[in-house]
Every structure is written in C-alpha cells, then in structure tokens.
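Here is the structure we will look at, set down as structure tokens.
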Amino acid sequence: MTQDGVLDGLVRERIRGLRVARGWSLDEMAARCHLSPSTLSRIETGHRRIALDQLAPIARVLGTTLDQLVASADDGDVVIRPHRDEARGRTTWLLSRGFGPNGVTVAKMRITKPVVPGTELGVHPGTDWFTVLSGTAMLLLGERTILVEAGEAAEFSTMTPHAIGAHGGPAEILCVLDHDGQRTHLRP
C-alpha cells in the first residue's frame, strides 16, 4: 500500500472512530453533514474517494479540523525521552510538541538541586505556572522564598526575578511556559 493509501485509510478510520465515539449512526451523521448515509458508508469503507467538499463538513461536524483529520500517523515520536542537565540538576520531559494552544509549552521537570545562594534570578516577559507532583519546590521570587508542596501550584509574573529549585530532596513539577519561559527554563 502506498503512503497516500495508508493516509487515506487512516482518515477513514478516524471518521468512523469519531462518529462511533459520539454514538452516532450513519444516518445521524450523514444528516448532520448533508450527505446520504450510503455516501458516508462508502467513504468510511473505502468504496468512495473522499472529496474536499465532503471532508470539510465531516471534520466540522466531528468537532475537529481538516489538519487533524488528515495528519499523518508518525509513530516515530510517540515516546517522550528525558533531557538531562546534570549541571543544573534537572531532567526535563517536553510534553507538548512545538507550541501548544496559545503558544505555550508543557513540560515535566525533575529537579534535584536546590537554588544556590547568589544564583542570578531570571527575568523575562510572561507568566509561569507550575504544580508540584512530588517533593517540595523552592521558588525564589524577588526577595521572597516560597515553598510549594506536592499538590500545590504557583503562578507568577516572570518579570519578577525568579528561580526554582528542590527543597529537602528531589521535586517533580509540571509546568506551563510561554515562549519566553520555554527559552529561559528549558534551554540546553
């Protein structure tokens, strides 16, 4: 099967899978898309080519976009591998590919080192948000030292000088960063 044939089959599987997940019969979805049930059935089974003027309303009715419906299945990047920075005492897993909605990046971090006294605190435009999954994170925020425990979250303006470290042992955090935060906190 050609690569186009594989993608064509994947699109058909997605259409049927999304329809079934919504609990719609062929008749129900066909009516929503202004197609005949037999046309929709032939599209799903591969007995009819999918025309763009059919695909757009199908995507809209299924609550997705054309891009998502026809995106290739690249299984090569399913596993998210950690990036270790021994010098900074951090291991990072980038959980979002590129920038997510609203230009944000989601990352999980394991922080093993405390913030060293005299560390230069970072400043950049935007807002950072993180929640502590385990351990205790120490947030230096301007002149304040804030301990954030497991199950707690912090949000702050990144125009305030800041740094995050571990307190009393390793801490794992899940953070949401804007573009400037990603460049600052996730740099190699």
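For region 21-39, give me each residue that is more than 19 Å from Ala56 (Cβ to Cβ) and of a type in the set (Gly, Ala, Ser).
Within region 21-39, Ala21, Gly23, Ser25, Ser38 qualify.
Give all pairs with beta carbons closer than 9 Å in which a residue from region 52-64 that is surrounded by 13 or more Cβ atoms within 10 Å (Cβ to Cβ) meets a residue that is in a helix (DSSP H, G or I) and among the polar types (S, T, N, Q); count only pairs at least 6 apart in sequence or on separate chains.
From region 52-64, the pairs are Gln54/Thr39; Ala59/Gln68.
Just a yes or no: is a residue in region 97-111 hydrophobic (A, V, I, L, M, F, W, C), more than 30 Å from Gln68 (Cα to Cα) and either in the same structural domain as Gln68 (by TED's automatic domain parsing) or surrounded by 18 or more Cβ atoms within 10 Å (Cβ to Cβ) (or both)? Working first, answer last.
Restricting attention to region 97-111, the residues satisfying the condition of being hydrophobic (A, V, I, L, M, F, W, C) are 99, 104, 106-107, 109, 111.
Filter once more, keeping what is more than 30 Å from Gln68 (Cα to Cα): 111.
Okay, now just the ones that are also either in the same structural domain as Gln68 (by TED's automatic domain parsing) or surrounded by 18 or more Cβ atoms within 10 Å (Cβ to Cβ) (or both), so 111.
Yes, region 97-111 contains at least one residue that is hydrophobic (A, V, I, L, M, F, W, C), more than 30 Å from Gln68 (Cα to Cα) and either in the same structural domain as Gln68 (by TED's automatic domain parsing) or surrounded by 18 or more Cβ atoms within 10 Å (Cβ to Cβ) (or both).
Name the single residue, out of those in region 22-53 being closer than 21 Å to Leu7 by Cβ, charged (D, E, K, R) and under 32 Å from the mean Cα position of the chain (by Cα), that is modelled with the highest pLDDT.
Checked region 22-53; the qualifying residue modelled with the highest pLDDT is Glu44.
Going by the structure shown, is Ile15 assigned to a helix (DSSP H, G or I), in contact (Cβ under 8 Å) with a residue 40 or more places away in the chain and surrounded by 15 or more Cβ atoms within 10 Å (Cβ to Cβ)?
Working: assigned to a helix (DSSP H, G or I): yes; in contact (Cβ under 8 Å) with a residue 40 or more places away in the chain: yes; surrounded by 15 or more Cβ atoms within 10 Å (Cβ to Cβ): yes.
Taking the combined requirement at face value, the residue satisfies it.
Cβ-Cβ under 7 Å, sequence separation 6+ or interchain: first residue in region 150-176 and under 14 Å from Thr127 (Cβ atoms) and among the polar types (S, T, N, Q), partner part of a loop (DSSP other than H, G, I, E, B) and modelled with pLDDT under 95. Which pairs?
So the pair list comes out as Thr158/Val123; Thr158/His124; Thr158/Pro125; Thr158/Gly126; Thr160/Gly142.
Of all residues in region 123-146, how many are among the charged types (D, E, K, R) and surrounded by fewer than 15 Cβ atoms within 10 Å (Cβ to Cβ)? I'd like the intermediate steps shown before the answer.
Initial filter on region 123-146 (among the charged types (D, E, K, R)): 128, 143-144.
Checking which are surrounded by fewer than 15 Cβ atoms within 10 Å (Cβ to Cβ) leaves us with 143-144.
Residues flagged as among the charged types (D, E, K, R) and surrounded by fewer than 15 Cβ atoms within 10 Å (Cβ to Cβ) within region 123-146 amount to 2.
Looking at Glu120, Glu149, which is the one that is among the acidic types (Asp, Glu), in the same structural domain as Ala163 (by TED's automatic domain parsing) and surrounded by 12 or more Cβ atoms within 10 Å (Cβ to Cβ)? Step through it out loud before you land on a result.
Numbers: Glu120 fails: surrounded by 12 or more Cβ atoms within 10 Å (Cβ to Cβ).
None of the other options fit; the residue is Glu149.
Which pairs do you get when a residue that is farther than 25 Å from Pro82 by Cβ, found in region 105-128, comes within reach of a residue that is of a type outside the set (A, V, I, L, M) and not in a strand (DSSP E or B), reach meaning Cβ atoms under 6 angstrom, with the pair 6+ apart or on two chains?
Close Cβ pairs satisfying both conditions: Leu121/Pro161; Val123/Pro161; Pro125/Asp180.
The values are calculated or read from the model by the stated rules, or taken from the named source; none is laboratory data. Note that the structure is a prediction, hence the values are computed from the model and not measured. Glycine also receives a Cβ, built like all others from the backbone with ideal geometry; neighbour counts cover every protein chain displayed.
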